Structure formats: C-alpha cells, structure tokens
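S.K.: Starting off with a structure, shown below.
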Amino acid sequence: MKDLHDYKKFAILYVDDEEQSLKYFERAFGDDFRIFTAANARDGFKILEQRGEEIGLLMTDQRMPGEKGVWLLEKARQLRPRILRILVTAYSDMDAAIAAVNSGAIYKYITKPWDPPQLEIALRQALEFFTVQTERDQLLHEKMSVLRNMMIADRIVSLGLLAAGLSHQIRNSLVAVKTFLDLAPKKMAEERANTNGLRNPDFWKDYHQNVQSQIEKINSLLSDLRTSSDSNSATQFADEVSLPQAVGAALETLKEQFAARKIEIENKIPGSLPALHADKTKFHRLFELLFKDELSMLPAGSKISLSAELQNSGAKQAIVLQINDNGPGLPEDALRVIFDPFVVRASAPSEYGINLLACFFIVHHHGGTIDAKNLPGRGTLFTIRLPLHPEHVVSPPQENDFLQKALLNENLWQKLLTAG
C-alpha cells in the first residue's frame, strides 16, 4: 500500500555521542527518512540553527559528554518550538526522562537499546503528526490572512465613502466661510476708514490666511483618503512606473520646502531598478505623503537617507525601499498604531495619523507592506516592500500582530469559522 505521507518532506536530527549508534541509525532508517546526525548536543544545536526549517523531529541521547540531551531539548524548544522532540535514555536515567516529560520539553521518550521496528513506527507517527500540524497551521495562517485583507478592504472602502461624504458636506459648509473671507479685505478697509485706522489690519490678515490654510488642509486630507481608498479593478496596476522617477518627482515637488527647512536628502536609490506594475496616481501620491510627513515631523537641519534594492524570490520579485531620517523618532505610542487600520486615532496628530494611514492603504492596495521603527540615535526608519507584479501576490502567512488580535476576538473567530 502506498504511503499517504511523504516521510522525507521533513528531516530527523539524531544526536548521540556513540559513533556506532549514529551509523546504525542511518543504515536502518536512511532509506525511508531524511536524516541529519550530530555527535554532541552543541553540534546538534548548530544544525538546528542552520537547518531548523527542514527538521520536523529531534531525537537525542541523554547521556553525552558535555551538555546532556535535556539541555538540547530545552534549547530546541526555545529555538524551534514546533519541532517534535524525543529523548533516548537508559533505564538508569528514567528520572531525567520523567522530568523532561513533565516540563513539556519532549514529545515522548524511548529507552535504550531501541527496537528498530518499534522505533520506525514511532518515527513515522511523529513525522505524520508534525506534518499534519504544520499543514493545519499553514491553512489557518492563510485563512486568517484572507480574513485580514477582507477586513482591511472593508475599512478602506468605508473610509473612502466617509471621506467622499465629508468632503461634500464640509465643502458646502465652507462656502459661507470662504465667501466671508473673500469679503474680509473689503470689510477691513471700510472699518479702517470708519475708525480712522484704529483697527488692527494685521490681525485680520493673519486670521484670513490661517483659516484659508485650514480649509486647504481639510480638503487635502479628505482628498488623500478618498484617493487612497478608491479602487478601479479595470485599470488597477495597468501602469508601469519607475520607483526612482516617482521618488524623484516627489522630492522635486517639495524641493523648496526641504530647502527652506535646510533638510538634506541623500538619495541612493539605483536608477537600474525594474519598473513596477502599479496605479500611477496612487503610487506617486504615496511618496508625496511620506515626504510631507517627514517635513512636518523633522526639525530644521535634519537629514533623510533613501535606499532601495530588488529582492528575488522566484516569481515574487519585490523592491524594498528604506527611508531613514536622523530626527527624534516617532513617539512609541504612535509608532505602534500608525499603520493599524483597526485603531481609532483619537489622540494622534494628523501628521502621523491620516497621512500615514493613507500611505498604508496605498501600499496595501499594491500588495505590499510598510512599517516604521525607531533606530537608537538614528531617527525613524520606514521600510516599504512593493512587489513588481501585485496582481500575482499572495499575502504572507506570518501575520503575527493581526493573529494576536484575531485570536483574542470571538467575533473574528466566528467569521473565520463560517467563511467559505
């Protein structure tokens, strides 16, 4: 009967100080399993560090010179907690085996000398269990990733509709304000004539400019949210865009503002990077918003360094862009939530709220990722990963932050379990 499982998909690491035992193990099971061996606990740990992703089962002798088997099992649990662990021990070391079982350090223990037919059954069962567990976790991660994208897409659409509605209502309301402001200079002139110039014209001039500025800012924020959330499936990713050109265009647009604040730009993005498939309007707006955010947060005389590289991973080629400034860094409470579409920014300034949220939406729309972290003494580092072909991208399975929230949320679990 043909085996239902591929027993060579994941390897077995066997650690024993007896050379004959290692040779016998390889000879007895090498045809049916993929095997790594080590002659002591520390060498075994090095193999785990180097090839841990390939290993599904660790089997180690207890009594060895130097570090004992239980030391290696505990190290393996810390490094690769999913790997199944088997302790091989003599009857005289039964206390160590019982302690290992009670501490959760091992999957099971096997006594020496081991019986080959029984050990083969145990190895098969262990690898079957590990394989099923790994496939289950992978499916769960993929489904959670799909759910995450559905929720983010829903939030993006909602914010887009909200922005469109607010934009319409606010513009209507601001018509009266703008009309008043347009008439204000004439009104000020009349007041100065009627009061022999006793009124302060500078106050009204500053007031006029300030309100006009706030009107433009409100409209700009709403426009950015609406632009970043719009999605036309017929034309999305239809453009081929150059990252160096898009970044260069944004820097050119804001050149005077950077110069006025004496902010130095060090652009190390190579011009040889391949073009990306993208929504050109959104793509160019992304960098304008990022650099505007830097302008609003950095003190005068700061420096911004830009670098990018192409990462090849089979068909999933991507460009990774890094933007590093030498400013004071973002506040820690803001750093945790600036790209989180599930957090309401009640107290966060708009400079690292709406603008960066719009950046998140644009990057997510292109199948990419964006994150920010503070570097000790070196300001804030933004890292953006953009696939060359976003229509071909499947979201990465490791969604740790989202998984942590989702696993603690009963409503999300209900959606997950009922989703087709």
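The values are calculated or read from the model by the stated rules, or taken from the named source; none is laboratory data. Here the structure is a predicted model, which means the values were calculated and not measured. So basically every Cβ, Gly included, is an ideal-geometry build from the backbone, and we count neighbours across all protein chains shown.
S.K.: Hey, L290 hits all of (1) at pLDDT below 90; (2) under 15 Å from G367 (Cα atoms); (3) within 18 Å of the chain's Cα centre (by Cα) but one; which does it fall short on?
M.R.: (2)
Here's the yes/no breakdown for (1) out of contact with any Asp or Glu (no Cβ under 8 Å at 6 or more places or on another chain); (2) farther than 14 Å from Y107 by Cα; (3) in a strand (DSSP E or B):
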site	(1), (2), (3)
Q50	yes, yes, no
G56	yes, no, yes
M59	yes, no, yes
M64	no, yes, no
E67	yes, yes, no
K75	yes, yes, no
Q78	yes, yes, no
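S.K.: When you check A39 against the structure, is it of a type in the set (G, A, S), closer than 16 Å to T89 by Cα and touching a residue at least 12 places away in the same chain (Cβ under 8 Å), yes or no?
M.R.: When the stated conditions are applied, A39 passes them.
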